[in-house]
1. Would you mention how many residues in the stretch 56-84 are under 21 Å from G116 (Cα atoms) and among the polar types (S, T, N, Q)?
2. Give the residues of the stretch 111-141 that are under 24 Å from the mean Cα position of the chain (by Cα), over 19 Å from D40 (Cβ atoms) and among the hydrophobic types (A, V, I, L, M, F, W, C), sorted by residue number.
3. Of everything in the stretch 65-91, what is exposed (fewer than 15 other Cβ atoms within 10 Å of the Cβ), part of a strand (DSSP E or B) and in contact (Cβ under 8 Å) with a residue 24 or more places away in the chain? Give them in sequence order.
4. Would the stretch 131-146 turn up any residue that is more than 24 Å from A36 (Cα to Cα), in a strand (DSSP E or B) and at pLDDT 60 or above?
5. In the stretch 13-43, which residue that is part of a loop (DSSP other than H, G, I, E, B) and touching a strand residue (DSSP E or B) at 6+ places or on another chain (Cβ under 7 Å) is modelled with the lowest pLDDT?
6. Taking the stretch 94-110 as the region of interest, how many residues are under 12 Å from A132 (Cα atoms) and under 26 Å from the mean Cα position of the chain (by Cα)?
Amino acid sequence: MKPRALSRPAVLPFLAALLLAALSVLVSAPRAAAHAQLLDSSPAADSVTAESPTSITLSFDSPVQAGYTTVAVLGTDGTSYTDGVPTVTAREVQQQVTRLPRGAIQVVWRAVAADGAPLQGRFTFTNDDRAAPVQPPPRPSAAPAAQAAPVGTVGAGEAADWPWWAAAGGLSVVAVVVVAVLVRRPSPEQ
């Protein structure tokens, strides 16, 4: 049997199916994974405060889940100055603190974005309140507060995007099969 050339009517369904496959990949592709990020804090990272703050406020660009949010406020010796649990109001987290000592203060936070992505970060600020008590000397085992990790997301949930890519691939396979069947079908002229 000799191979037959595609006739003009057979090419149109082929091109339409190819276009459908390409569109299915583009339309079903997930949007860029935009997880919540810390926008601002009060006191700000690397700032110097003239008066001891009574709370730490973290502002995010999208909501975080209340039940999964923790904020630790630590001195250079590892002493915790956190007072109670943080209050979460959609995009803002507020953590009350006990009287802070003078010197470097480290804030270590963890949260879960509304989309389920875990977040964490840390920053330091300096309490320069002259009336604040003197901070105990750092413990040798405590990590120096000056080594603050960059603020951002950790363990981003890109793994949750695989169903979208699998669906797009499946639709592409179906489109190719449809094209193959249409091309193989004998034309009514024969």
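The values are calculated or read from the model by the stated rules, or taken from the named source; none is laboratory data. Quantities reported herein were computed from a predicted structural model and do not represent experimental measurements. Note that we place each Cβ from the backbone using ideal geometry, even for glycine, and neighbour counts take in every protein chain shown.
1. Looking only at that region, the number is 5.
2. Once the filter is applied, which keeps residues that are under 24 Å from the mean Cα position of the chain (by Cα), over 19 Å from D40 (Cβ atoms) and among the hydrophobic types (A, V, I, L, M, F, W, C), the stretch 111-141 yields V112, A117.
3. Correct list: T70 only.
4. Of all residues in the stretch 131-146, those more than 24 Å from A36 (Cα to Cα) come to 131-146.
Among the residues that remain, those that are also in a strand (DSSP E or B) are: 134.
Then drop every residue that is not at pLDDT 60 or above, which leaves 134.
Yes, the stretch 131-146 contains a residue that is more than 24 Å from A36 (Cα to Cα), in a strand (DSSP E or B) and at pLDDT 60 or above.
5. Kept after step one, since they are part of a loop (DSSP other than H, G, I, E, B), are these residues of the stretch 13-43: 29-37, 43.
Subset that is touching a strand residue (DSSP E or B) at 6+ places or on another chain (Cβ under 7 Å): 35-37, 43.
On the way: H35: 76, A36: 85, Q37: 92, P43: 98.
Among those residues, the one meeting the criterion is H35.
6. Residues meeting the conditions: 0.
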